[in-house]
Amino acid sequence: DTAVSQTPKYLVTQMGNDKSIKCEQNLGHDTMYWYKQDSKKFLKIMFSYNNKELIINETVPNRFSPKSPDKAHLNLHINSLELGDSAVYFCASRRGEKLFFGSGTQLSVL
Amino acid sequence: GQQLNQSPQSMFIQEGEDVSMNCTSSSIFNTWLWYKQDPGEGPVLLIALYKAGELTSNGRLTAQFGITRKDSFLNISASIPSDVGIYFCAGHPGNTGKLIFGQGTTLQVKP
């Protein structure tokens with residue numbers, strides 16, 4: 001009964017590949033987010049969707065394309081992966097002012 | 001863009017000691033949140049603060065929303081080994097819908 005679940009937990013891939021990370025929330029929230037946590041643990045917002053509509057796009061390279069098939073799902077597709085994309089990616093959903101995070105996807109680009 | 005300055009960056013303390021950390025901003029925030037992140041997990045919400053001067057507790061944790069609305073403090077009393085982790089302050093500037101995070105305070109507790 002995990003509230004915000006994302007898969008996979010670990011993703012190791014070669015430079016230039018395309019990969020996807022999936023996120024689902026069963027909290028009934030309308031708004032979902034993707035955050036990137038770098039090696040220094042800094043959490044930076046990437047995207048936000050409200051009821052399947054993109055509402056925040058923080059100047060992320062267009063190799064990153066979020067997709068929200070319904071308000072319970074927000075997936076992240078990354079094209080042409082680069083070394084600098086290596087990080088932990090967190091999905092979150094929002095109720096009021098509070099964000100609830102998934103357990104993260106550690107992406108390693110070799 | 002807006003930034004939150006969190007300090008200290010790291011702390012190494014003895015079990016039983018009290019801990020204080022704080023977060024400041026150059027602009028006014030409407031909400032302050034404090035999160036804890038354990039290794040391999042996502043941030044978990046500890047305390048949410050909604051108005052200037054508010055003081056809220058959650059067990060051994062106490063957080064305050066600064067009067068100027070530009071800072072917040074988190075105190076942990078009588079620390080225990082399971083308090084180890086990274087603590088983040090976060091805030092909503094205005095009504096942007098963005099939750100912005102501080103750089104984090106890494107806490108280590110020596111038994």
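Computed from phi, the 3J(HN,Hα) profile of segment B:29-35 under the Karplus parametrisation 6.51, -1.76, 1.60 (θ = phi - 60°) reads 10, 8, 9, 10, 10, 10, 10 Hz, with x in place of Gly and Pro.
Taking a ≥ b ≥ c as the square roots of the Cα gyration tensor eigenvalues, with a/c under 1.5 meaning rounded and otherwise prolate when a/b beats b/c, else oblate, which class fits segment B:26-69? Verdict is oblate for segment B:26-69. Among the trypsin sites (Lys or Arg not before Pro) in segment B:29-111, those placed in a DSSP loop whose Cβ has at most 14 other Cβ atoms within 10 Å are B:Lys51, B:Arg60.
Evaluate the charge dipole of chain A about its Cα centre and quote only its size in Debye, nearest 20, assuming +1 on the Cβ of each Lys and Arg and -1 on the Cβ of each Asp and Glu.
For this selection, approximately 160 debye.
With the cut-off at under 12 Å, measuring from each backbone N in segment B:70-87 to a point 7 Å along the Cα-to-Cβ line of B:Lys51 picks out no residue. Remark: segment A:29-42, residue by residue, has Karplus-estimated 3J(HN,Hα) of 6, 8, 10, 10, 9, 10, 10, 10, 10, 7, 5, 8, 6, 6 Hz, where x stands for each Gly or Pro and the curve is 6.51 cos²θ - 1.76 cosθ + 1.60 at θ = phi - 60°.
The trypsin sites (Lys or Arg not before Pro) of segment A:37-100 that meet both conditions, a loop assignment by DSSP and at most 11 other Cβ atoms within 10 Å of the site Cβ, are A:Lys40. Farthest toward the positive end of the dipole of chain B, out of B:Trp34, B:Gln3, B:Ala48, is the Cα of B:Gln3, where the dipole comes from beta carbon charges about the Cα centre.
Taking the Cα centre of chain B as origin, work out the dipole magnitude from +1 charges on Lys and Arg Cβ and -1 charges on Asp and Glu Cβ, in debye rounded to 20.
Taking the Cα centre of chain B as origin, the dipole is about 380 debye.
Remark: spin-label model distance A:Phe42-B:Thr68 equals 2.3 nm, labels positioned 7 Å along the Cα→Cβ axis. In segment A:1-65, the convex hull through the Cα atoms has an average projected area of 5.5 nm², a quarter of its surface area.
Other residues within the sphere of radius under 15 Å centred on the Cβ of B:Ile13, judged by their own Cβ, net out at -2 (K and R +1, D and E -1).
For B:Glu54, the amide hydrogen comes within under 5 Å of the amide hydrogens of B:Phe65, counting only partners 5 or more places away or on other chains and with H modelled in the peptide plane.
For A:Lys19, the lysines whose Cα comes closer than 17 Å to its Cα, not counting residues fewer than 8 places off in the same chain, are A:Lys9, A:Lys36, A:Lys67. Kirkwood radius for chain B, taken over all pairs of different Cα atoms as the inverse mean of 1/r, rounds to 13.9 Å. Taken over chain A, the percentage of Cα pairs per 5 Å bin, counting from 0 up to the bin with the maximum distance, is 2, 13, 25, 27, 19, 10, 4, 1.
Sort the protein assembly as shown into rounded, prolate or oblate with this rule: let a ≥ b ≥ c be the square roots of the eigenvalues of the Cα gyration tensor; rounded if a/c is under 1.5, and if a/c is not under 1.5, prolate when a/b is larger than b/c, oblate otherwise.
prolate
Given R0 = 25 Å, the distance between the Cβ atoms of A:Met15 and A:Leu54 translates into a calculated FRET efficiency of 0.35.
Here, each number is a calculation from the coordinates, and none is a lab measurement. Given the structure is predicted, the values throughout are model-derived calculations rather than measurements. As a convention, Cβ positions derive from the backbone with ideal geometry for all residues, glycine included, and neighbour counts pool all protein chains shown.
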